[in-house]
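Visitor: Please find one structure pasted underneath; my questions will follow.
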Amino acid sequence: MKADKFFKKIIDKIRLLSHKDRESYLLLYSILGFVPGSLRPYKMAMTHSSSTAGKLGCNERLEFLGDAVLSSVTADFLYSRFRREREGFLSKSRSNLVCRERLNELAVEIGLDRFVHACGDTNKHNSYIYGNALEALIGAIYIDKGYKHCRMFLLEKVFSRLDNIESVVRLDKNYKSRLLEWSQKQHRKVDFKMVHEEQRAEGAFFISEALLDGEPIGRGEGFSKRESQQNAAREALEKLG
């Protein structure tokens, strides 16, 4: 089996070197681990809605598709890995494994940040533009090669980069839920209020506050209401110790 994979890689590289658009194919091959059938969906996957570079359109539809495939592959992986755990644990683990923050980090680790076309400074704010591109890339793989290659890519190229899957899936990063649980135990009232919203090149941007008994205790920013509330809750928890 190992010998077959070795010879397949050699054949793939020979095919790539003889291709007229070999530079683009070689770059994708270095990320994917297989030869793409067509560049078209991958180029679209790397084109953010803010970009004027792409004539094919932006990656939002592919992101939608990739999100669904990612959820399915992750559920399959966790179901096989944690055979004795209940549904609640599996659902929470899937959320931890493919949260926006982690997808963004993994996308940068595999080098997607070098390919994404977008307007504005994508590093200035935590917009998760690369994590969204990773989902779009998964959608492109699904269109080009199907579910089997999506699964192979995620297990061999993405999830394998996580040092300890066990600690990742058991990590509770739902700060909003934790703050609400704390408030119930302490018989305190927690609310969230959006204090600012604006449109930027990267998309809608929000600022929210966490209120404890009507008084601000945490403030958070994000490119979604949920993200801004999570960041506000995290700051509140840090202050509460």
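Every read-out reported here was derived from the displayed coordinates using simple, explicitly stated rules and does not represent laboratory data. This is a predicted model, so every value here is computed, not measured. Positions of Cβ are generated from backbone atoms using ideal geometry, with glycine treated the same way; all protein chains shown enter the neighbour counts.
Visitor: Subtract the Cα-Cα distance of GLU109 and ARG226 from 0.36 nm times their separation in residues, and report this length gain in nm to one decimal. The partial results should precede the final answer.
Guide: On the way: separation 117, 0.36 × 117 = 42.12 nm, distance 2.48 nm.
Separation in residues times 0.36 nm, less the Cα-Cα distance, equals 39.6 nm.
Visitor: Could the peptides 229-235, 82-88, 140-146 be put in order, highest first, of the mean number of other beta-carbon atoms found within 10 Å of their residues? Walk me through the intermediate numbers first.
Guide: Values: 229-235: 22.7, 82-88: 9.3, 140-146: 21.0.
In decreasing order of mean packing, 229-235, 82-88, 140-146 become 229-235, 140-146, 82-88.
Visitor: Efficiency by 1/(1 + (r/R0)^6): what FRET value for SER24 and ASP213, r their Cβ-Cβ distance, R0 = 45 Å, to the nearest 0.05? Present the calculation step by step, with values, prior to reporting the outcome.
Guide: On the way: r = 57 Å, r/R0 = 1.27.
Calculated value: 0.20.
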